[in-house]
1. Quick check on Asp134: is it loosely packed, with under 10 Cβ neighbours inside 10 Å and over 29 Å from Ile80 (Cα atoms)?
2. Please go through the stretch 59-91 and give me each residue that is over 21 Å from Asp42 (Cα atoms), surrounded by 15 or more Cβ atoms within 10 Å (Cβ to Cβ) and under 14 Å from the mean Cα position of the chain (by Cα), ordered by number.
3. So which residues in the stretch 43-58 are without any contact (Cβ under 8 Å) to a residue 12 or more places away in the chain and more than 27 Å from the chain's Cα centre (by Cα)?
4. Taking Tyr128 as the residue in question, decide whether it is in contact with a helix residue (DSSP H, G or I) (Cβ under 9 Å, 6 or more places away or on another chain), without any contact (Cβ under 8 Å) to a residue 60 or more places away in the chain and either of a type in the set (Phe, Trp, Tyr) or in the same structural domain as Asn84 (by TED's automatic domain parsing) (or both).
5. Check whether at least one residue in the stretch 95-103 is part of a helix (DSSP H, G or I), modelled with pLDDT of 95 or more and of a type in the set (A, V, I, L, M, F, W, C), and report yes or no.
6. Among the residues of the stretch 51-65, are any touching a Pro at 6+ places or on another chain (Cβ under 9 Å) and modelled with pLDDT under 95?
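The values are calculated or read from the model by the stated rules, or taken from the named source; none is laboratory data. This one's a predicted model, so the numbers in the text were calculated from it and none came from an experiment. Note: ideal-geometry Cβ built from the backbone for every residue, glycine included; neighbour counts use all protein chains shown.
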Amino acid sequence: MGDNEEDLPGPSINQLAGEENVAVRIKLERDSRGWSTNALSDRLNAAGYEMNPSAVWRIENGQRRVTVDDALGFAEVFGISLVNLVGPPRLAAHARAMELVEDIRRAYRASHMANLAAAQARDALDAYLDEHPDVREEAEAAASLAVAEELTGLPQPYQLRNRPSPNRKDTE
C-alpha cells in the first residue's frame, strides 16, 4: 500500500476541504435562501466584506479563487462555521446532518473549555492551600462534596444508554 491519497481510509482531502467545495457550498447556501448574486453581494458588503455580484458568480463557477477573507465573509452571512463552509458539499445538502456535526463540534469545545476551567480552579485552590495549610482538610472535603453534588445531579452516560426504550415491553 502506498502513500497515495486513494490508499488512505475515509474521505479524501478533496472531499473534506478546498476551494471547489467552498464554491459549491456557496451556491447551495445562496440557492437554499432564494438569494440572487446581487442579494448575497449586498449582505457581504453590509457585513464589511466587499464583493460585487459578478465576483460571487465567478467564485460559484470556479473562475475566481476564494480568499480567507472571502470565506470568512460567506460563513458570517450564511451563519455557519468556516469548517462547515469548507466541508463536503454533498453533506451540506443535508442541512440537519451539518447542524448535528456543528453541535458535536460545539459540545466538544464546551467540554474542553469546562475541563480547562476546572483544572485552573483546582490549581488555584491548590496554590491557596499551599499558603494556608490550616484549612486544607476542610477545603478538600468541601471541594470533593461540591464535585460529588454536581456529578450526582447530572445524567451519567451509562444511564442514558441503558434506559429501557419507552416502546419496549418487559416480559419478566
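1. Working: loosely packed, with under 10 Cβ neighbours inside 10 Å: yes; over 29 Å from Ile80 (Cα atoms): yes.
When the stated conditions are applied, Asp134 passes them.
2. Passing the criteria: Asn84, Val86, Gly87.
3. Our first condition is that a residue be without any contact (Cβ under 8 Å) to a residue 12 or more places away in the chain; within the stretch 43-58, this holds for 45-46, 50, 52, 58.
Hits for the stretch 43-58 are Asn52, Arg58.
4. Values: in contact with a helix residue (DSSP H, G or I) (Cβ under 9 Å, 6 or more places away or on another chain): yes; without any contact (Cβ under 8 Å) to a residue 60 or more places away in the chain: yes; either of a type in the set (Phe, Trp, Tyr) or in the same structural domain as Asn84 (by TED's automatic domain parsing) (or both): yes.
For Tyr128, the condition - in contact with a helix residue (DSSP H, G or I) (Cβ under 9 Å, 6 or more places away or on another chain), without any contact (Cβ under 8 Å) to a residue 60 or more places away in the chain and either of a type in the set (Phe, Trp, Tyr) or in the same structural domain as Asn84 (by TED's automatic domain parsing) (or both) - is met.
5. no
6. no
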